[in-house]
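The values are calculated or read from the model by the stated rules, or taken from the named source; none is laboratory data. In this text, all values refer to a predicted model and were calculated from it rather than measured experimentally. So basically every Cβ, Gly included, is an ideal-geometry build from the backbone, and we count neighbours across all protein chains shown. The area values use the complete protein model at the heavy-atom level, side chains included, leaving out ligands, DNA and RNA. Shrake-Rupley method; radii C 1.70, N 1.55, O 1.52, S 1.80 Å.
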Amino acid sequence: MDRAFIKKYGILTLLAAGAGIIYQLPYIRETFYVPIQNAMNLTDAEMGLLSSGYAAVALISYFIGGIVADRFSARYLLTFSFLITGMLGFWFSTFPSFTVSRIIFILLGVSTIITYWSACIKATRMLGSAEEQGRLFGLQEGLRGLINAVVVFGMTFAFNQFIDEVAGTAAAIRVCSTAIIIIGVLNYIFIEDTSREEKPESLVEITKGMFQTLLIPRIWILVAIVFTAYSVYGLLGYVTTYAVRFYGLSAAAAATIGGLRYLLQGVGGILGGFLADKISRSKVIVIGCIGLAISFALYPIIPEGAQYLSPVIINFFFGLIFIYFVRSQYFAIHQDSHISLGMSGRVSGITSALGYAPDIFLYTMVGSWMDSYGRNGFNMTWAYAAIMATICIVLTIILMRINKKLDSEQAA
């Protein structure tokens with residue numbers, strides 16, 4: 001095993017670890033929704049508002065991130081981002097007022113996006129050839145899941161050490177925050193400082209390039225694919241809450257399942273990545289979305305009651321594998337869409353900013369459905385997710401036809 005191989009996959013592992021762990025805090029509802037809700041005495045709508053505040057700032061941060069990453073040292077920016085995120089996590093673990101918590105989540109929208117995301121995608125693309133893009137993004141998604149599983153199981157272990165739910169939840173958040181700070185230190189040690197080699201464009205050139213990118217029609221299809229797929233991904237996080245309320249799942253078991261989902265991220269991401277390089281990256285997205293549409297359509301059919309908990313959890317696990325098929329490839333298809341490496345930062349920034357826009361309204365919307373309609377509110381959520389998965393299938397097929405035409409034109 002040569003040094004180049006070790007360096008390549010060592011960097012990929014570090015990128016995966018960073019991309020996963022840094023988002024545990026702003027998306028902590030996926031694992032500890034009910035304990036945090038109880039600890040802070042929040043409604044479902046208020047829980048949604050925490051996420052919406054984060055998302056609103058994150059949308060702007062995605063655009064800014066590419067500019068900042070080009071103009072300053074990646075080593076120091078990444079370290080700063082992880083250290084600040086970790087400290088914000090320790091602050092949130094004190095469970096301050098709802099207003100202060102909203103401020104914390106707004107600050108997380110800055111610290112977890114600006115100095116990391118676009119650079120992470122571009123760095124992944126640069127690790128391999130065009131033929132390797134599927135497996136590289138798949139491995140990154142899979143490794144991200146496996147590393148997250150270790151962290152979440154550590155958080156769950158800390159949670160279970162306390163009889164008091166509030167104390168246990170605070171301990172779990174502090175475990176996560178500690179892991180984030182450790183990743184920040186590792187970034188400082190291992191990420192190379194390349195600022196001297198870079199020749200950043202002026203602000204005018206960058207702004208002009210952004211607008212030129214927005215004039216390319218297929219960019220908007222890439223945005224729409226991420227938008228619909230990410231909507232489905234976000235709603236999967238409510239399945240454990242659904243199981244707690246209507247199928248007798250305990251809060252501790254819900255946290256454990258939250259850890260298992262990351263193991264399935266490893267399975268789905270890695271399998272999806274290698275399958276993509278065998279058949280097609282776009283076809284993997286289509287297969288994943290078909291599975292997701294079926295999975296979400298099944299939830300309203302399963303009767304309520306503790307005796308039906310197993311079918312709900314099994315269906316959830318299948319849905320997780322399918323969503324990680326999709327997530328592993330919706331940035332890898334940039335290669336298929338003839339997005340050059342020079343445009344990669346801008347395109348990933350635009351597709352992330354607009355594609356992740358559901359964070360702004362989605363959780364507040366479904367939170368109000370759940371507060372107002374109970375189980376029917378959840379059924380409305382599952383229907384919305386199934387519709388988004390179906391739209392994503394249509395969009396991906398359209399993109400495949402556009403890409404086929406581009407391939408023919410380039411060959412001619």
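Things to note:
- Carbon plus sulfur fraction of accessible area for the chain, probe 1.4 Å, in percent: 68 percent
- With protein chains left intact and a 1.4 Å probe, residues in region 276-412 average 41 Å² of accessible area per residue.
- Near Ala252, once Lys and Arg are set to +1 and Asp and Glu to -1 for all other residues with Cβ below 15 Å from its Cβ, the sum equals -2.
- Across the protein chains, with a 1.4 Å probe defining accessible surface, the residues Arg174, Arg135, Arg75, Arg401 rank Arg401, Arg174, Arg135, Arg75 from largest area downward.
- Counting 0.36 nm for each residue step from Phe157 to Asn41 and taking away their Cα separation leaves a gain of 39.4 nm.
- Cα gyration tensor shape for region 1-63, rounded if a/c is under 1.5, else prolate or oblate: oblate
- Distance in nm between pseudo-label sites at His338 and Ile397 (7 Å out along the Cβ direction from Cα): 2.4 nm
- Modelled label positions at Val150 and Ile106, each set 7 Å beyond Cα in the direction of Cβ, lie 3.6 nm from each other.
- Helix-only CD estimate at 222 nm, as mean residue ellipticity for the chain, using -39500 (n - 2.57) per DSSP H run (n ≥ 4): -27500 deg cm²/dmol
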